[in-house]
Amino acid sequence: MPVAAGPAHGPPAAPTPQTVPGRHTSDTGRQQRHGTIITMPEVHVRLRWPDGTARRYYSPSLVLTEHVEEGAGYPTPELVSRARTALVEASERVRALHGFPCGRAAASLAAIEQDAARHGEAGVVVVEGFDR
């Protein structure tokens, strides 16, 4: 007699962050250990580039708000330097909490660096605001 296929008869599912006992992670930066939820306060920064283009970039931590000020304008190289410092620090905070760096912070830094390269070193980048 054939055995019915399906979840009850197949091999056990590989553990995912949602099925590992005592630990739960999600895209929102939450982690649960032993019943306690630990939250990373993520933020998005809105930047207006010298050509008028506006873009939004992710940070897994509010540390970005300590390195750039809402409403301020920064020469492009300075903005990139400040963003790099902040996003590396934010990624390290994720590593300390979760055991691995934040890939989204690295992607945001790469996007900022690419956008800056398109605009060159001339001009000012304005921090339009933060979305929490």
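The numbers here are math on the coordinates, done by the rules we state, and not lab data. The structure presented is a predicted model; accordingly, all values stated were derived computationally and were not measured. As a convention, Cβ positions derive from the backbone with ideal geometry for all residues, glycine included, and neighbour counts pool all protein chains shown.
Descriptive notes on the structure:
- Complete set of residues in the range 77-132 that are touching a Pro at 6+ places or on another chain (Cβ under 8 Å) and within 16 Å of VAL43 (Cα to Cα): ALA90, SER91, GLU92, ARG93, VAL94, CYS102, ARG104, ALA105, ARG132
- Pairs where the first residue, in the range 113-132, is farther than 17 Å from SER81 by Cβ and the second is hydroxyl-bearing (Ser, Thr, Tyr) and assigned to a helix (DSSP H, G or I), C-beta under 7 Å, 6+ apart: PHE130/THR65
- The single condition among (1) within 23 Å of TYR74 (Cβ to Cβ); (2) among the small types (Gly, Ala, Ser); (3) under 13 Å from the mean Cα position of the chain (by Cα) that GLY103 does not satisfy is (1).
- Residues within the range 38-97 that are in contact with a strand residue (DSSP E or B) (Cβ under 8 Å, 6 or more places away or on another chain) and either under 15 Å from ASP115 (Cβ atoms) or not small (Gly, Ala, Ser) (or both), tallied: 31
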